[in-house]
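Notes follow once the structure below has been shown.
The values are calculated or read from the model by the stated rules, or taken from the named source; none is laboratory data. Remember, it's a predicted structure, so these values are computed and weren't measured experimentally. Heads up, the Cβs are rebuilt from the backbone with ideal geometry, glycines too, and the neighbour counts pull from every protein chain shown. These area figures cover heavy atoms from the full protein model, side chains too; ligands, DNA and RNA do not enter into them. Shrake-Rupley method; radii C 1.70, N 1.55, O 1.52, S 1.80 Å.
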Amino acid sequence: MGKRLDALMGRTKPVQANLDALFALPSAAITLQSAAGLTASGRAGVCYKPPTGQSFDDMQAEVMKLLAMEGGGTLRSSEDSYGYHWVVVENADTEALVSQVHLVNSSLSDAGWGPQLLCSVFGIGPAPKDADPADGPPAIIVPSTEYLVYLFKRGTFYPFVPDGKEHRSTDKELKLKSLLADDLVIEQDLDRWFPLWDLPLG
């Protein structure tokens, strides 16, 4: 478990993060809707392991203020059962949601807290039956049943599909990998497709 956490936190040959890769997600959402009947859920979260100290608390508070002024939607802080902290954003506008997640990552990274950033997770779920892919992702919040994970230290994405208590569907994950290969930079090392239990995204 320790080695896996080290890898997730980028302690082994980290790759320079490419946050602009996040802006490919709206296109990926259209692909998911047309090919798999899935859409962006309108929920996303940035996961980090905060250091102790007032300076980080102040920085986190500043990021939350910036988010409140950008793109509407709702936001909250959360902590999972493993002690990791999350900034959770809800915004039915997929492009605005991506911009807000980008803002969290870039603000913390620019302030020197890049080593604390672990990943960003975007929920996806079943598109409404009357949704037209040509119109883009529906402007509503839908239940998150599957996820796209962006690894900050790798600059890559992978799908995560939980289908029970601490159980995942690797078949569905591999199908999503194939569907999204032209839209996103997919993490090719499957050992880095870490399961993320107890996600606070609903």
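Relative to the 2.2 N^0.38 Å rule of thumb, the stretch 74-189 has a C-alpha radius of gyration ratio of 1.12. Solvent exposure of Met69, expressed as accessible area, is near 140 Å², computed with a probe of 1.4 Å over the protein chains only.
Please list 3J(HN,Hα) in residue order for the stretch 25-37, calculated via the Karplus relation 6.51 cos²θ - 1.76 cosθ + 1.60 where θ = phi - 60°; whole Hz, with x for glycine and proline. Computed from phi, the couplings for the stretch 25-37 are 5, x, 5, 4, 5, 5, 4, 4, 5, 6, 9, 9, x Hz. Looking at the stretch 31-126, which chymotrypsin sites (Phe, Trp or Tyr not before Pro) are in a loop (DSSP not H, G, I, E or B) and have at most 16 other Cβ atoms within 10 Å? Within the stretch 31-126, the qualifying chymotrypsin sites (Phe, Trp or Tyr not before Pro) (loop, at most 16 other Cβ atoms within 10 Å) are Tyr82.
Expressed as a fraction of 2.2 N^0.38 Å, the value expected for a compact globular protein of N residues, the C-alpha radius of gyration of the stretch 135-202 is 1.15. Considering the dipole of the stretch 50-181 built from charges on the beta carbon (Lys and Arg +1, Asp and Glu -1) around the Cα centre, which of Pro115, His85, Leu176 is farthest to its positive end? Among Pro115, His85, Leu176, the one farthest towards the positive end of the dipole of the stretch 50-181 is Leu176. Calculate what fraction, in whole %, of the accessible area of the stretch 34-87 sits on carbon and sulfur atoms when a 1.4 Å probe is rolled over the protein chains. Ligands and nucleic acids excluded, carbon and sulfur reach 51 percent. Checking the a/c ratio against 1.5 first, then a/b against b/c, what shape does the Cα gyration tensor give for the stretch 33-97? Taking the square roots of the gyration eigenvalues as a ≥ b ≥ c, the stretch 33-97 is oblate. Looking at this model, which pairs from Lys129/Lys172; Lys65/Lys153; Lys49/Lys129; Lys129/Lys165; Lys65/Lys129; Lys65/Lys175 are more than 30 angstrom apart at the alpha-carbon? Table pairs above 30 Å Cα-Cα are Lys49/Lys129; Lys65/Lys129; Lys65/Lys175. Highest mean packing comes first when the peptides 87-99, 148-160 are listed by Cβ atoms within 10 Å, giving 148-160, 87-99.
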